[in-house]
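Taking it in order: structure first as structure tokens, then the write-up.
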Amino acid sequence: MEEFALIMRHEDGQKIASPEQIQAWMKQTMDWIGGIAAQNKFSSGTGLRFDDARVVKSNKTVTNGPFGEIKETIGGFIVVKADSIDEAVEFAKGCPVLQGEGNTMEVRRIAKGDNVH
Amino acid sequence: MEQQQLIPHLFRTEFRKITAVLCKTFGIEHLEIAEDLASETFLSALETWTYRGIPENPVAWLYTVAKNKTRNYISRNQVFTEKIIHQIKHDVTESEEIAIDLSDKNITDSQLQMLFAICHPSISAEAQIGLSLRILCGFGIDEIANAFLTNKETINKRLSRAKEKLRLEKVKIEPIDIEFAGDEEINQRLETVLTTLYLLFSEGYYSECRDTVLREDLCQEAMRLTEILMENQLTNRPTVNALYALMCFHSSRFDARKDETGEIILYHDQDETRWNYELITKGAYYLNLASKGNRISKYHLEASIAYWHTHKADTSEKWETILQLYNRLLQIEYSPFAALNRTYALSKANGKQIAIVEAEKLNLTENHFYFTLLGELYTNIDDKKAKQNYERAFALAKTLPEKQTIQKKIDKL
């Protein structure tokens with residue numbers, strides 16, 4: 001069993017949706033994570049806040065977002081246990097952020113003592 | 001009270017106090033000596049009271065005899081005495097006589113310290129529970145064997161191995177553990193203590209043992225030991241209150257869970273007038289106290305789930321809240337039981353179709369509750385599949401009451 005990070009990339013919900021809509025997304029996300037945890041495949045995870053964020057550049061200048069050229073950025077991630085990248089991808093497919101056009105899920109194997117990183 | 005009932009009653013309440021105090025005085029590596037002296041005290045009571053009648057103050061009589069027996073033991077066993085005197089030098093007066101302090105305060109302190117000493121990560125959870133039952137609850141070996149559905153030899157072996165381990169580890173049960181330990185240290189040790197108390201309670205609540213009185217006793221003892229933690233301000237923490245609240249909510253349904261023949265009554269079919277509302281109110285009080293911390297433990301989540309179950313009405317708010325609590329609980333700690341209950345809550349909150357898809361992923365095909373759940377979910381959606389799943393559950397169920405409950409569901413289809 002290996003660990004994979006499922007990284008959510010999406011727009012700042014606060015800018016595009018009502019509080020009720022955000023609450024509905026929240027529930028969907030919690031149900032999605034709960035479903036993975038109910039299979040004993042959840043390791044850890046957290047959401048990342050969009051407000052009061054900073055970007056530090058190579059010349060040490062500090063800016064408040066945007067975080068990249070695209071408006072979708074990292075909104076949070078969870079780490080899951082899976083036998084293969086394909087199984088991890090199946091978990092990612094259930095994530096509610098994918099309902100938003102342009103949003104993506106990035107699936108990455110966690111590097112652990114493999115002397116590569 | 002007649003002597004026949006009095007001695008077992010006193011054994012249950014006083015044996016543990018005498019043992020705890022002696023053990024605190026001698027050090028945990030001499031746990032067996034403490035236990036023997038306490039046992040001999042009761043043997044004397046049995047012999048003496050039979051001929052001379054019950055003394056006016058039986059408890060004071062027991063304490064005096066325990067003190068005398070301890071003094072005699074100390075004066076007769078020079079080697080032991082030297083070891084003890086060496087260890088507890090600071091407690092010994094010039095006359096070099098060990099004071100056996102059986103005051104209420106020292107009894108409570110000793111029991112609290114014994115609780116921390118016994119619930120030590122170096123010994124297995126099973127052994128911790130066994131030792132707690134013996135030393136802190138005054139259970140007989142046969143009662144412990146009964147509760148664990150095993151024989152006396154197994155329990156005796158398990159307990160002596162655990163005592164040996166404690167002796168080797170020389171687990172300290174000095175006041176320093178609690179009074180001078182840092183916050184973090186108390187929290188860490190408390191974690192093990194709470195796990196043991198939680199398991200002790202579950203042993204009573206979920207045990208397949210047929211003896212209802214014994215099972216109820218286990219639950220009550222787990223609650224009493226949790227109360228000891230709440231009586232000391234250093235160990236009276238939000239997680240402890242949360243665990244106690246959980247125990248109150250569960251206990252409130254103790255009578256309603258089984259009918260006269262011992263058959264299980266499922267939550268949905270329980271008669272809520274048989275729930276104990278005094279315990280429910282008490283649970284709500286402690287759950288409220290538990291919310292003062294800044295950390296949400298699994299006990300908080302389980303207590304909140306149990307709280308919502310004290311509302312019988314099927315509202316969408318109830319099941320949505322329970323679902324979210326299970327979602328969080330499973331992130332802290334997975335258990336098949338929580339996974340199944342979460343899926344049931346999901347069916348109530350989001351609908352059966354969604355829950356069936358999730359249930360099929362759970363992969364708990366050894367577990368008869370899993371197939372009972374699938375049977376439940378498929379009922380009225382695909383009754384043929386419902387029946388197949390109930391039949392698999394029936395084949396896997398181990399006890400007669402469980403098989404009867406499943407058979408009823410098949411008949412209802």
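The values are calculated or read from the model by the stated rules, or taken from the named source; none is laboratory data. Small disclaimer: the values here were computed from a predicted structure and weren't measured. Here Cβ is always computed from backbone atoms with ideal geometry, including for glycine, and neighbour counts include all displayed protein chains. Surface accessibility is based on the protein's heavy atoms, side chains included, excluding ligands, DNA and RNA. Shrake-Rupley method; radii C 1.70, N 1.55, O 1.52, S 1.80 Å.
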Item checked: Gaussian network model of chain B, springs between alpha carbon atoms under 10 Å - residue of B:319, B:49, B:308 with greatest fluctuation -> B:49
Notebook entry, point to check: Add -39500 (n - 2.57) for each DSSP H run of 4 or more in chain B, then divide by its residues: what number comes out at 222 nm, to the nearest 500 deg cm²/dmol?
Noted result: -22500 deg cm²/dmol
Next item on the list: Using only Cα atoms, tell me the angle between helix B:183-206 and the longest principal axis of chain B; keep it within 0 to 90° and round to the nearest 10.
Entry: 70 degrees
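Do any of B:105/B:163; B:17/B:258; A:93/B:312; B:105/B:258; A:41/B:348 go past 30 Å between their Cα atoms, and which? Walk me through the numbers before you get to the answer.
Numbers: B:105/B:163 26 Å; B:17/B:258 34 Å; A:93/B:312 36 Å; B:105/B:258 40 Å; A:41/B:348 23 Å.
Beyond 30 Å: B:17/B:258; A:93/B:312; B:105/B:258.
What number do you get for chain B when its Cα radius of gyration is normalised by 2.2 N^0.38 Å, N = residues? Before the final figure, lay out the partial values.
Working: Rg = 24.5 Å, N = 413, 2.2 N^0.38 = 21.7 Å.
Compared with the compact-globule rule of thumb, chain B sits at 1.13.
So if I take the alpha carbon set of the protein assembly as shown, get Rg, then get Rh from the Kirkwood formula, what is the Rg over Rh ratio?
On the way: Rg = 28.3 Å, Rh = 26.9 Å.
With Rg and the Kirkwood Rh in hand, the quotient comes to 1.05.
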Next item on the list: Note down the magnitude of the dipole of the protein assembly as shown about its Cα centre, charges +1 on Lys and Arg C-beta and -1 on Asp and Glu C-beta and zero elsewhere, to the nearest 20 debye.
Entry: 640 debye
Check: Which Cα, out of B:233, B:265, B:249, lies furthest along the positive dipole direction of the stretch B:209-267 (beta carbon charges, K/R +1, D/E -1)?
Finding: B:233
Check: GNM on chain A, C-alpha springs below 10 Å: top fluctuator among A:88, A:17, A:37?
Finding: A:17
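Do any GluC sites (Glu not before Pro) in the stretch B:283-388 lie in a DSSP loop with no more than 13 other beta carbon atoms within 10 Å, and if so, which? Please report the intermediate quantities before stating the final value.
Numbers: sites: B:302, B:317, B:320, B:333, B:358, B:360, B:366, B:376; in loops: B:333, B:366.
Taking the stretch B:283-388 and a limit of 13 other Cβ atoms within 10 Å, the loop GluC sites (Glu not before Pro) found are B:333, B:366.
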Notebook entry, point to check: Any idea how far apart residue B:75 and residue B:288 come out in nm if each label point goes 7 Å out from Cα toward Cβ?
Noted result: 5.7 nm
Next item on the list: Treating the angle as unsigned and between 0 and 90°, give the value, to the nearest 10°, between the Cα long axis of helix B:212-231 and the longest Cα principal axis of chain B.
Entry: 70 degrees
Margin query: Springs between alpha-carbon pairs under 10 angstrom, Gaussian network model over chain A: which of A:55, A:79, A:97 fluctuates most?
Written below: A:55
Margin query: Along each principal axis of its Cα atoms, how long is chain A end to end? Whole angstroms, biggest number first, please.
Written below: 42, 40, 21
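Can you compute the FRET efficiency between residue B:32 and residue B:153 using 1/(1 + (r/R0)^6), with r the Cβ-Cβ distance and R0 = 22 Å? Round to the nearest 0.05. All intermediate terms of the calculation are to be shown ahead of the outcome.
Numbers: r = 18 Å, r/R0 = 0.80.
With a Förster radius of 22 Å, E is 0.80.
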Note to self: Given points 7 Å out from each Cα along the Cα-Cβ axis, report the residue A:26 to residue B:395 separation in nanometres with one decimal.
What the structure shows: 4.6 nm
Next item on the list: Can you send over the carbon and sulfur percentage of the accessible area for chain B, probe radius 1.4 Å, protein chains only?
Entry: 50 percent
Margin query: How far apart, in nanometres, would the label points at residue B:54 and residue B:161 be if each is projected 7 angstrom from Cα along the Cα-to-Cβ direction?
Written below: 4.1 nm
Check: Residues of the stretch B:351-373 losing 40 Å² or more of accessible area relative to the isolated chain, 1.4 Å probe, heavy atoms only?
Finding: B:361
Checklist line | Degrees separating the helix B:3-26 axis from the principal Cα axis of chain B, which is the longest one | finding: 70 degrees
Checklist line | R0 of 56 Å, Cβ-Cβ distance residue B:40-residue B:360: FRET efficiency to nearest 0.05 | finding: 0.40
Check: Just going by the charge dipole of the protein assembly as shown, with Lys and Arg at +1 and Asp and Glu at -1 on Cβ, which of B:297, B:13, B:115 is farthest out on the positive end?
Finding: B:297
Margin query: Whole percent per 5 Å bin, from 0 to the bin with the longest distance: what is P(r) over all C-alpha pairs of the stretch B:218-295?
Written below: 3, 16, 22, 20, 16, 11, 7, 4, 1
Item checked: Of B:34, A:58, B:192, farthest towards positive along the dipole that unit charges on Lys, Arg, Asp, Glu beta carbons give the protein assembly as shown -> A:58
Notebook entry, point to check: Per residue, how much accessible area does the protein assembly as shown have with a 1.4 Å probe, in Å²?
Noted result: 53 Å²
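Across peptide A:25-34, what mean number of C-beta atoms from other chains lies inside 10 Å of a residue's C-beta?
Details: counts 0, 1, 6, 1, 1, 5, 9, 1, 4, 15.
If you average over the peptide's residues, the count of other-chain Cβ atoms is 4.
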Check: Between the stretch B:96-150 and the stretch B:188-261, what's the alpha-carbon centroid distance in Å?
Finding: 16 Å
Item checked: Solvent-accessible area buried by A and B, counting both chains, probe 1.4 angstrom, square angstrom -> 1100 Å²
